[in-house]
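J.: Structure in structure tokens, see below.
The values are calculated or read from the model by the stated rules, or taken from the named source; none is laboratory data. In this text, all values refer to a predicted model and were calculated from it rather than measured experimentally. Quick reminder, even Gly has a Cβ in these numbers, built from the backbone with ideal geometry, and neighbours come from all protein chains shown.
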Amino acid sequence: MVPSIVSLVRYPVKGMTPEKLQSADLEAGEGMPFDRVYAVENGGARFDPQNPKWLPKISFLMLMRHERFASLTSVFNDRDHTLTLLRDGKQLAKGNLKTKLGRQMIEQFLSAYMKAELNGPPRIVSADGHRFTDISAKAVHLINLETVRNLGDAIGLELDPLRFRANIYFDGIPAWEERKWVGETVECGEVTLSIFDETGRCEATSVAPQTAARGASIPSALERIWGHNKLGVYAKVVRGGRLRLGDILKSPETAS
């Protein structure tokens with residue numbers, strides 16, 4: 001199998017539904033377009049849109065602690081920033097996140113729907129140029145599907161790769177080879193990526209994306225079987241361009 005990109009994904013609202021893309025225009029020094037541009041603050045009002053700073057994910061509603069969040073389907077329109085929330089195909093709330101009224105419509109629904117998990121009034125937050133990613137660096141997150149299969153075989157489960165909430169999913173590379181890429185560059189079509197770190201996994205990966213059910217602990221399984229909690233890598237975009245499904249991935253191994 002030729003190593004290639006098989007899925008491109010963004011998450012417009014942190015912790016909510018992934019959205020699959022046919023292509024994405026990446027810019028040097030930036031992450032996936034419209035990825036985690038909004039988040040729902042879980043009480044506290046710590047985020048200042050006028051002086052945006054990175055905050056740990058426990059400041060927001062997210063899957064590690066709030067699996068009920070995964071029972072909602074979100075649909076984001078990047079033209080006008082309207083967010084629609086559904087459950088089992090039924091619309092529950094809708095609002096334009098660029099407007100105060102639109103944000104209030106979503107916040108009021110979440111106040112009731114997520115009542116048991118809230119530390120205070122939920123607040124939809126954003127700031128120009130800011131991304132609510134799990135790390136402070138602007139980056140894209142890559143997952144090797146063969147690694148996911150290997151983990152699934154080891155624990156006796158068929159794992160949906162979306163539970164790892166990456167931006168770029170690739171196939172055709174042996175399991176765990178991507179761990180050797182830290183400090184190296186990878187070519188993906190027009191784009192050049194600099195791999196700078198592995199992804200430490202948290203309990204959010206133990207929540208099945210389709211059912212919102214919490215199952216076997218993925219971090220514990222990684223630690224037990226391989227002695228670490230890593231799965232996936234982070235990369236900085238050093239040369240921008242259009243990334244497309246099917247683009248060939250040239251890793252340090254395939255380039256040699």
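J.: Got a number for residues in the range 172-194 being surrounded by fewer than 19 Cβ atoms within 10 Å (Cβ to Cβ) and either closer than 17 Å to Pro3 by Cα or in contact with a helix residue (DSSP H, G or I) (Cβ under 9 Å, 6 or more places away or on another chain) (or both)?
T.: Number of matching residues: 11.
J.: Let me ask something else about it. Just wondering, is there one or more residues in the range 115-124 that are basic (Lys, Arg), more than 16 Å from Glu41 (Cβ to Cβ) and either surrounded by fewer than 16 Cβ atoms within 10 Å (Cβ to Cβ) or in the same structural domain as Ala175 (by TED's automatic domain parsing) (or both)?
T.: The answer is no; no qualifying residue exists.
J.: For the range 108-130, enumerate the residues that are outside any loop (DSSP other than H, G, I, E, B) and within 22 Å of the chain's Cα centre (by Cα).
T.: Here is the first cut: in the range 108-130, the residues outside any loop (DSSP other than H, G, I, E, B) are 108-113, 115-117, 122-125.
Those that are outside any loop (DSSP other than H, G, I, E, B) and within 22 Å of the chain's Cα centre (by Cα): Leu110, Glu117, Pro122, Arg123, Ile124, Val125.
J.: Can you go through Val2, Val9 and tell me which one is surrounded by 16 or more Cβ atoms within 10 Å (Cβ to Cβ) and of a type in the set (Val, Ile, Thr)?
T.: On the way: Val2 fails: surrounded by 16 or more Cβ atoms within 10 Å (Cβ to Cβ).
Answer to the selection: Val9.
J.: Could we say that Glu184 is without any contact (Cβ under 8 Å) to a residue 40 or more places away in the chain, farther than 30 Å from Gly44 by Cα and touching a strand residue (DSSP E or B) at 6+ places or on another chain (Cβ under 6 Å) here? Lay out the reasoning, then the answer.
T.: Numbers: without any contact (Cβ under 8 Å) to a residue 40 or more places away in the chain: no; farther than 30 Å from Gly44 by Cα: yes; touching a strand residue (DSSP E or B) at 6+ places or on another chain (Cβ under 6 Å): yes.
Against the criterion (without any contact (Cβ under 8 Å) to a residue 40 or more places away in the chain, farther than 30 Å from Gly44 by Cα and touching a strand residue (DSSP E or B) at 6+ places or on another chain (Cβ under 6 Å)), Glu184 does not qualify.
J.: Please enumerate the residues belonging to the range 69-99 that are surrounded by 15 or more Cβ atoms within 10 Å (Cβ to Cβ) and among the charged types (D, E, K, R).
T.: Once the filter is applied, which keeps residues that are surrounded by 15 or more Cβ atoms within 10 Å (Cβ to Cβ) and among the charged types (D, E, K, R), the range 69-99 yields only Lys94.
J.: Identify all residues within the range 138-166 that are loosely packed, with under 14 Cβ neighbours inside 10 Å and either without any contact (Cβ under 8 Å) to a residue 24 or more places away in the chain or within 18 Å of Pro56 (Cβ to Cβ) (or both); write none if there are none.
T.: Scanning the range 138-166 gives Asp153, Gly156, Glu158.
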